[in-house]
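Shown next, in structure tokens, is the structure this report addresses.
Read the figures in this text as sums done on the coordinates, not as results from a lab. Given the structure is predicted, the values throughout are model-derived calculations rather than measurements. With ideal geometry, Cβ positions are generated from the backbone for all residues, glycine too; neighbour counts draw on all protein chains shown.
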Amino acid sequence: MAIKKILVVDDSPTDRQFLTDLLAKNGFSVSTADSAEDAFAKVKQSRPDLVLMDVVLPGQNGFQATRTLARDEATKAIPIILCTSKGQETDKVWGMRQGARDYITKPVNQADLLAKIAALG
């Protein structure tokens, strides 16, 4: 399945804008959410091909949101890449155990992110 629509979930307006600009410039259709709750509504509404999920979010964190999406029959086929400043090996392992397909740390290396998206497509 080719990835065309991406949902960026990040509470930082700066990070959301950076990722939106990068992805749009590379031909993706991008929507954004600033919390896990907002992300759940948008995933159900727009059915993105991929979710880029921050870990540090208000309310439910990105690990919890990833687990919820990965275990829901309606959304479990949508791949999630955790995109976060939490770069410890334990964070990466925990994120993958919650259902993420990949993990990238901030500041985001543009080529690495695009390669990870291409690998999922």
**OP:** Pairs to check: Lys42/Lys76; Lys76/Lys106; Lys5/Lys106; Lys44/Lys92; Lys4/Lys86; Lys5/Lys42. Give those whose C-alpha atoms are more than 23 Å from each other in this structure.
**Re:** Lys76/Lys106; Lys44/Lys92; Lys4/Lys86
Subject >> Hz values of 3J(HN,Hα) by residue in the range 54-69 - Karplus curve (6.51, -1.76, 1.60), Gly and Pro given as x >> reply: 6, 8, 7, 9, x, x, 5, 7, x, 5, 5, 5, 4, 4, 4, 5
Original post:
Rounded to the nearest 20 Debye, what is the dipole magnitude of the chain about its Cα centre when Lys and Arg each give +1 and Asp and Glu each give -1 at the C-beta?
Top reply: 360
Original post:
For the range 5-120, how big is Rg over Rh, using alpha carbon atoms and the Kirkwood form of Rh?
Top reply: 0.91
Original post:
For the range 5-15, in order, what is each residue's ³J(HN,Hα) by Karplus, 6.51 cos²θ - 1.76 cosθ + 1.60 with θ = phi - 60°, in whole Hz (x at glycine and Pro)?
Top reply: 9, 10, 9, 9, 10, 7, 7, 8, x, 5, 5
Original post:
Using a Förster distance of 30 Å, how high is the FRET efficiency between Leu114 and Gln88, based on the Cβ-Cβ distance and rounded to 0.05?
Top reply: 0.80
Original post:
Please state the relative contact order of the chain as a whole percent: Cα pairs under 8 Å, 6+ residues apart?
Top reply: 24
**OP:** Once you've got the GNM for the chain with C-alpha springs shorter than 10 Å, pick whichever of Pro79, Pro48, Pro58 has the biggest mean-square fluctuation.
**Re:** Pro58
Original post:
Got a sec to turn the phi values of the range 28-36 into Karplus ³J(HN,Hα) couplings, 6.51 cos²θ - 1.76 cosθ + 1.60 with θ = phi - 60°, whole Hz, x for Gly and Pro?
Top reply: 8, 8, 10, 10, 10, 9, 10, 7, 4
Original post:
Which of Leu82, Phe63, Ala119 sits farthest toward the positive end of the charge dipole of the chain, with +1 on the Cβ of Lys and Arg and -1 on the Cβ of Asp and Glu?
Top reply: Ala119
